[in-house]
Amino acid sequence: MQKTVIYVSNFLKSSKFMSMLRLTSLVFILAFFSSLTFANQADSVFPEIQVKVKQQVFTLEYADTFELRAQGLMHREEICNNCGMLFNFEQSRRAGMWMKNTLIPLDVAFIRADGKITDIKAMQPHDLTTTGSSERVLYAWEMNQGWFAKNQVKVGDTVVIPLNTKP
C-alpha cells in the first residue's frame, strides 16, 4: 500500500501529469467560453412589435437596443415567409446595414420617422459591404429577399409603427 501511495505521489508531481492537468483545464475553459458565446446568440429573446402597411398587420421581431441591433438576424438558417425584424435606431440618421454572420438573403426597407419607406435594397449572405439609406431614417425593416416586391410594398409607402415602441 505504501508503494502505491509513493507511485501516485510521484505521478502527481511528474511533468506528464502537470501537462495533462493543464491541457484538461484549457479544454474545460475553452468549452465554457464557447458555450457562453453560442448561448448568447441562441438565447437572445427579441421583443415583438406590430407594424401596418397596405392595410395588413405584421408581427416582427424588434431590435430596439444596441445589443439586439448588433445581433439582428445573424446565425439563422431561415425565417418564416412573413417573419422579419424591425430595427429602431433611436434617432434619425443615415443608417447602414451589413450581413456579417447572416446566412440568408434579405431585403431591407429603410423607413423615416414619419413611416415613409425611403429605400428597399437587397442584401446577400455574409456580405460585409454596408448597405446604406439614401436619407435620414429611424428604422430598418428586414425580410426574406423578394418579400417586399411579392407583397407590393414599395418605396414611398407608409408603414404605421406604434409611437410607444418599448414593450
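Filtering segment 108-140 to residues that are β-branched (Val, Ile, Thr) and either within 13 Å of Phe87 (Cα to Cα) or part of a strand (DSSP E or B) (or both) leaves Val108, Ile111, Ile117, Thr118, Ile120, Thr131, Val137. In this structure, Ala39 does not satisfy being modelled with pLDDT of 90 or more and of a type in the set (Gly, Ala, Ser).
Cβ separations smaller than 8 Å between residues 6+ apart or across chains give the following pairs from segment 108-125 residues that are under 16 Å from Glu90 (Cβ atoms) and loosely packed, with under 15 Cβ neighbours inside 10 Å to residues that are hydrophobic (A, V, I, L, M, F, W, C) and modelled with pLDDT of 95 or more: Ala113/Val137; Ala113/Leu138.
What about Ile120, is it of a type in the set (A, V, I, L, M, F, W, C) and outside the structural domain of Thr65 (by TED's automatic domain parsing)?
Details: of a type in the set (A, V, I, L, M, F, W, C): yes; outside the structural domain of Thr65 (by TED's automatic domain parsing): no.
Criteria not met by Ile120.
Within segment 54-76, residues that are under 16 Å from Trp147 (Cβ atoms) sit with their Cβ atoms under 9 Å from residues that are assigned to a helix (DSSP H, G or I), at 6+ positions apart or across chains, in these pairs: Glu61/Leu68.
The values are calculated or read from the model by the stated rules, or taken from the named source; none is laboratory data. Please read all numbers here as calculations on a predicted model, not as lab measurements. As a convention, Cβ positions derive from the backbone with ideal geometry for all residues, glycine included, and neighbour counts pool all protein chains shown.
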